[in-house]
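Notes follow once the structure below has been shown.
What follows is calculated from the coordinates using simple rules that are stated; it is not laboratory data. Here the structure is a predicted model, which means the values were calculated and not measured. So basically every Cβ, Gly included, is an ideal-geometry build from the backbone, and we count neighbours across all protein chains shown.
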Amino acid sequence: MYRIVTKKVLTPTLVLIEIEAPMIAKKAEPGQFIILRVDEDGERIPITIHDFDREKGTVSIIYQIVGATTEKLSHKEEGDYIQDFVGPLGNATEMPGCKKVAVVGGGVGTAIAFPVAKKLHESGVHVDLIVGFRNKDVVVLEDEFRKASTNFFVGTDDGSYVRKALVTELLEEQIQAGANYDAVFCVGPMMMMKFVCKVTEKYNIPTIVSMSPIMVDGTGMCGCCRLTLKEADGTSVTKFACVDGPDFDGFKVDWDESVKRGKMYGEWERHKHEETCNLFKKEVK
Amino acid sequence: MPNMSLVKNPMPSQEPDVRNKNFLEVALGYTEEQALDEAQRCLNCKNPLCVQGCPVNVHIPEFIAKIVAKDYEGAYQVIHETSSLPAVCGRVCPQETQCEMHCIRGKKGDAVGIGRLERFVADWHNANVSEAPAKPAPNGHKVAIIGSGPAGLTCAGDLAKKGYDVTVFEALHLAGGVLVYGIPEFRLPKSIVQKEVDGLKAMGVKFEMNMVIGRVVSIDELMQEYGFEAVFVGSGAGLPMFMHIPGENLCGVYSANEFLTRINLMKAYKEDADTPLMPLKGKTVAVVGGGNVAMDAARCSKRLGANVYVVYRRSMDELPARREEVEHAIEEGIIFKILHNPVEIHGNDVGYVKSMTCIEMELGEPDERGRRRPIEKKGSEFELPVDCVIMALGTSPNPLIKSTTPGLEVNKKGGIVIDEAGMTSKLGVYAGGDAVTGAATVILAMGAGKLGAKGIDEQLSK
C-alpha cells in the first residue's frame, strides 16, 4: 500500500498527488512513468511521472479524471492509501547534445513536459516551454513552468487567457522568428502531437514525442501498448511503448493507427465512469 | 495383486456443454475409490522409467505405493521432497510426454494416471492438512529471486527448505507469474496457486510485489547494496511475437498474453471488473497458433460466448498443445481450422477487425526439428469473417534484465546463457525458466528452478 502525502486539486478535473514511494523516487527520471491500481481488483493504469523528491522519498503524478479508475482515485484524500504503485517504468527522456530546445505540452501532457523542461533547463540547455490549454479555467502550474524554462509561452483555445493560439501556432512563430531549435520534445493529446510533428517536419527539426497508449502490465509482457514506426525506406516496425518507449521519433509514428488504438475501450470507459460517478453520488446521499 | 485393467480411470469432469459457459475448474479430480483403483495399476517397477521422464524426478512409484497403503499425507510428503508445487503440476504438466510416456503399462493399454494421482494427493493434503510446514533453522545466507512464476517459486522453496533467507521480487501485484496471469481459472484455480505461495511464506520466504528489477533496483545493487549473496533470475518470457502481417494492430487484435492477462490476472471475465475486454458474446474469434496458450485463449473466448476458430498452419498431429487440452477444446465446440495460415487482417472504417484472409497450407519435407514444413497452396486465399484475432505465437525474452545488468550474456534469441550448474556469465547470478529457454512448460521451469537452487546452495555452502 502506498500513502498519499499531499493532494492538490488543480482544476475540477485535474489533480496532483504526491505518493510515498522512496525506492521509485530514488531512481525516477523525467519521461518515465508508473503504473498504479487504486484498490483490490482495480485496473492497472499508466501515468507519467510529474515530479519526484529523492530526499523526501516521494513521487508526484498529475491525473485527469476521465474514467472509473481516475474517478475512484480522486476520492482518495491525503493520508489515504492506494493499492499498488510500480515504477519507474519506460526509458528516461534523452536529448543528448541539444543546446536549444522547445518543450511543447498540451492539456494533462503539460504535467509531463514539466520535469523534462526542468531537467534540461537545470543542465544549462536553453528551453522554450510552450503550453496550451482549452481556456483560462484549466491553466495550471504557471509559476513552476516559468521557473523550469528560459522562455515561457502559453496559449488558450478560446483566447480567455493571454492569447488565442494553439501550441502549433506558438511553436511555428518561434521557429519563423529564428529560434533555431536543435530538437523539440512534445507531449499531450495524440492529435496535438501529430500536428506538432507536421510543423517541425516542415523545418526538419528532430521531434521526440512521449506516447501514452493503453497498457495492461506495463513491464514488457502483454504487447497492448504496441505502435508502428514507419521508416523512411517504406518498411515499418512494431515497437512497445512500455519497454522501447515511451519516447519515439515523432516523424516515424503511425498516428492514425495509434489514435484508433487509443479509443478501443472509449465507449466502455464512458459507461463505466458514469456508473462509478452514480455510485459515489449514492454514497453521498 | 495389481489392477491389470488396460484403461486408466477416466477423470471426472464438468460436461462440455456446461463448462464451456463457466470459468469453474473443468477436471474435478479423482474420488478416493478411483485413486485407489488407479494406484493399484502401478507395477512398482524396480527401475522406474517414469521418474527419469519427470523434469524434477518425483519418486513416482514410492508415492503411488503410499496411496495404495491409504497413507495420503505420506504420499504428499514423497512428492513434496522434489516438487514444490504438486497441486499445480498435477493439473498442468504434459504427463503424456513425460512420466506417463515412459510408463511400462503404456506399452499395452494406458499408462498409469500419474498426473491424476499427483493431483489427488495434493488436493487431499490441501483439504486435510492445515499445519504449516516447519520453518527450517536459518543458515545466514541471503538470496534474491526475480520473478514468482514456477521457476522462481521452486527455487525459493528448495532454498528455504535449506534455511536460506529468501526474498522473491515480483513485477506484478500478485505472486505466481504465468500461473496467475496466463493459465485460466478453469484449468488451474488461483486459490491453488495462492496456497502454494502461502506455504512458502510459512517457510519464511518473503515476497516483494510491484518490484520491476532492472528499473527500481538492479541486480548489481541487490548484490552490492542489499546484501544478497546470490540471485536467481526467473523473470519469464517477455514480449509477445506477432506475424508482421497487415492489420495486426487493428482494434480487436490481441496477443494471447494480453488477452489472458486481462481475463486471468485482471478478472475481465467478470461482469463488474474494472479492466475492460472487448465484448465477445455472439462474436467470432480466431486464435492463431496451436500451443497450450492458444488452447487457453480459445477456451476462454468460448466461455465468454464467442464462436471460436483455432487457426493453425500444420495438421492436428503437429499441434504442440497437450493432447488433453486439444480434446477438451474440441468437446467444448471449438473449431480447428488446421492447415491454414493468416495473411492479412481487415478492419472496418473505425479501425476494428472485421475479417481475416487465410491461405490453405500443405505439409512438405520435415524441417531440422523433424516437423513437416507447412507450404502455402498458391491461390487458395479466402476471407474468414471474424471480430477478434488472438495471436498465440510465443514470446521473445524481455530485454529489461539484460539491458540493466552489465556482463550478463544472452544468446542470439535474447535468452540468458547459463552453464550446467544454472549459473549465468555473472558470478552468483543464476537463471532458469522461460528467461533462459524462451516459452516452455511449467514443469521445465520448475526443473530449472531446482537446478538454480542446487547451484546456489553449492556455491554458498562452500
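Basic side chains Lys and Arg get +1 at the Cβ, acidic Asp and Glu get -1 at the Cβ, and with that the dipole of the protein assembly as shown about its Cα centre reaches some 320 debye. The simple spin-label model puts a point 7 Å past each Cα toward its Cβ; for A:GLU267 and A:GLN176 those points are separated by 4.3 nm.
Projected onto planes of every orientation and averaged, the convex hull of the alpha-carbon atoms in segment B:77-232 covers 10.4 nm². Shown for B:ILE145, B:ILE263: other C-beta atoms within 10 Å of each C-beta, ranked fewest to most, produce the order B:ILE263, B:ILE145. Each 20 Å bin from zero holds the following percent of Cα-Cα pairs in the protein assembly as shown: 16, 46, 31, 7, 0. Beyond 22 Å, the tail of the calculated P(r) for segment A:44-187 holds 45 percent of the Cα pairs.
For the residue pairs B:LYS108/B:LYS302; B:LYS190/B:LYS354; A:LYS72/A:LYS252; B:LYS195/B:LYS267, the C-alpha atoms sit more than 28 angstrom apart in B:LYS108/B:LYS302; B:LYS190/B:LYS354; A:LYS72/A:LYS252. Distance between the C-alpha centres of segment B:1-60 and segment A:161-191: 69 Å, rounded to the whole angstrom. Return the Rg/Rh value of segment B:16-128, two decimal places, where both radii are evaluated on C-alpha atoms and Rh is the Kirkwood radius. Radius of gyration over Kirkwood radius for segment B:16-128 works out to 0.97. With a simple spin-label model that places each label point 7 Å from the Cα along the Cα-to-Cβ direction, the separation between A:THR11 and B:ALA132 comes to 5.2 nm.
When the P(r) is computed for segment A:2-89, the part past 20 Å accounts for 24% of the Cα-Cα pairs.
Extents of segment B:204-258, largest first, come to 50, 23, 17 Å (Cα atoms, principal axes, whole angstrom). Each of A:TRP268, B:TRP124 was scored by other Cβ atoms within 10 Å of its Cβ. Arranged with the fewest first, they read A:TRP268, B:TRP124. Size estimate for segment A:203-285 follows the Kirkwood approach: the inverse of mean 1/r over distinct Cα pairs works out to 14.9 Å.
When you restrict to C-alpha pairs under 8 Å that are six or more residues apart and normalise by the size of chain A, the relative contact order lands at 17 percent. Computed from the C-alpha gyration tensor, the three semi-axes of the ellipsoid equivalent to segment B:163-291 are 33, 19, 12 Å, from longest to shortest. The alpha-carbon atoms of chain A define a convex hull whose volume equals 135 cubic angstrom per residue. Relative contact order of chain B, taken over Cα pairs closer than 8 Å and 6 or more residues apart, is 16 percent. Taking the inverse of the mean reciprocal distance over all distinct Cα pairs, the Kirkwood hydrodynamic radius of segment B:253-391 comes to 15.6 Å.
For segment A:164-254, divide the Cα radius of gyration by the Kirkwood radius and give the resulting Rg/Rh value with two decimals.
Rg/Rh: 1.03.
Taken along the Cα-to-beta-carbon direction at a fixed 7 Å, the label points for A:GLU77 and A:ASP254 span 4.9 nm. Within segment A:110-261, the ratio Rg/Rh, alpha carbon atoms throughout and Rh by Kirkwood, equals 0.98.
How many times 2.2 N^0.38 Å is the alpha carbon radius of gyration of segment B:122-172? If you can, show how the numbers build up before the last one.
On the way: Rg = 12.8 Å, N = 51, 2.2 N^0.38 = 9.8 Å.
This ratio for segment B:122-172 stands at 1.31.
Exposure proxy shown here: for A:TYR203, A:TYR63, B:TYR226, the number of other Cβ atoms within 10 Å sets the order, fewest to most, as B:TYR226, A:TYR203, A:TYR63. Once the Cβ-Cβ distance of B:GLN77 and B:ASN22 is raised to the sixth power relative to R0 = 30 Å, the FRET efficiency obtained is 0.30. Beta-bridge orientation, the protein assembly as shown: approximately 50 percent antiparallel, per DSSP, counting only bridges with both partners inside. A convex hull fitted around the alpha carbon atoms of chain B yields 161 Å³ per residue. Scaling against 2.2 N^0.38 Å puts the C-alpha radius of gyration of segment B:312-435 at 1.46.
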